[in-house]
1. If you take the C-alpha gyration tensor of the chain, multiply each eigenvalue by 5 and take the square root, what semi-axes do you get, largest first, in whole Å?
2. Across 10 Å bins from the origin, how do the percents of Cα pairs in the range 4-121 run, short distances first?
3. What helices does the chain hold that run 18 Å or longer along their axis, going by alpha-carbon atoms, with a Kyte-Doolittle average of -1.0 or more, using DSSP H for the helix calls?
4. Collect residues whose amide H, placed 1.01 Å from N in the peptide plane, falls under 5 Å from the amide H of R372; neighbours closer than 5 in sequence don't count.
5. Under a Cβ-only charge scheme (Lys and Arg +1, Asp and Glu -1), can you give me the dipole magnitude of the range 4-121 about the Cα centre, in debye to the nearest 20?
6. Select from the range 192-289 those trypsin sites (Lys or Arg not before Pro) which occupy a DSSP coil region and have at most 12 other Cβ atoms within 10 Å, ordered by residue number.
7. Of Y315, Y150, how do they rank once you tally other Cβ atoms within 10 Å and put the fewest first?
8. Given G365, N32, H143, which one lies farthest toward the positive end of the charge dipole of the chain, if we put +1 on the Cβ of every Lys and Arg and -1 on the Cβ of every Asp and Glu?
Amino acid sequence: MLNREELKEIAKMQGDETYFVSLYLNVSPITNTKGDYIIHFKNMLKNTTEGIDRAVFKKVKDDLEKIDAYVLGNKREFKKGLAILSSSENSFWKEYHFAVPVKNELIVDKTPYTKPLLDILDNYQRYAILLVDKESARIFTIHLGGIVEYGEVHTSDIPGKHKKGGWFALSQNHYARHIDYHVGVHLKDVVKKFEGFLSGEYIGRLLVGGSDEAVSMVKGLLPHTVTDRIIGTFHAEMFLKSDEVLKRAEPILQAYEKKKEDVTVEEVLARAMKRENAVIGLEDVLNALQEGRVMKLVFIKDFKDSGYACKNCRYLTKQKVSPCPYCGGEMEEVGYLVDLAAQRAVEQGALIEVISDNKKLSDAGSIGAFLRF
Ligand SMILES: [Zn+2]
């Protein structure tokens, strides 16, 4: 999964005479029902191939072929957005799958094009989980509904575990103090490593899980700047698999996100009412999109609607109009108006906030947008 450290490394890659191919492609099966993304991809491939120098083309030919084969061959695994960075000359290949759409782009350059990846990191809240007990700790990150284990913290020299007979010789009190001492050393080590991890990653919110005692002890050791960002704690065993850890954390995440969503909805409704750079309702949102004014699209998760799209300029509307009022192009019926709107919003550089459930927004038409102007 995407993280800032990896992106930094990638951004540093630069060959004097070597080239990188960077592909961003919307592969959502919903907005691309007939595999439309293959057509988009082939068009970009054609334009790029024609637009670059022959000598450069020779250098990236392998990459383009590899990416081509990948896009054509991996349809089923795709989420919504796909990013591939490739440079055969540097033996470099990275692929990312996102649950959000991306803006279609195919770029050949001496550096990998990472700006869209940075945007995804910045714009969609990431969480970190610290899982801790008295002997070990694990760190996870959650982004766009997926969880990845970042690393483990093992503090060596915990007595009673591997030193045969060692602690039997100690009196019970002495032994207890010895253990406390080592637990203290371990937890301080965990705190140090967790802070180091956080300083490199700009992660907004945190969760702490593990054995109840270790959780409260570690919270006591963390500085306020870190504890202020903890949105909840939970009980968990250290041996849990990543997806099981995610399951334990989910109620806390959902409660936190629900609160944030409610604030967003209140704001978009209030601003739309005062006509302060916000609109509510599908038709107004679609018009704002057509005018390139959307800064952030907000809609209810399951909101679906159908309507019409211009084949030429991609104007979207609920109204049956023909030809397109903007460009005179041919209109066609489309089934996934909201997904298409989200796609267009992303292409304009807008953010998307999907609201899991909110009665006020549902009552107001299930969709709204904050506008740039
Ligand atoms: Zn049009």
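1. After scaling each eigenvalue by five and taking roots: 46, 29, 16 Å.
2. 13, 48, 33, 6, 0
3. Numbers: long enough: 36-51 (23 Å, -0.66); 54-73 (28 Å, -0.23); 172-201 (43 Å, -0.61); 242-273 (43 Å, -0.58).
Length and hydropathy pass: 36-51, 54-73, 172-201, 242-273.
4. Long-range HN contacts for R372: V294, M295.
5. On the way: 19 positive and 18 negative charges, 78 e Å.
Computed about the Cα centre, the dipole is about 380 debye.
6. Taking the range 192-289 and a limit of 12 other Cβ atoms within 10 Å, the loop trypsin sites (Lys or Arg not before Pro) found are K241, K274, R275.
7. If I rank by nearby Cβ atoms, fewest first, I get Y150, Y315.
8. G365
Throughout, read-outs are computed from the coordinates displayed, never taken from laboratory work. Everything quoted here is computed from the prediction, not taken from an experiment. Neighbour counts run over all protein chains shown; Cβ positions are idealised from the backbone, glycine included.
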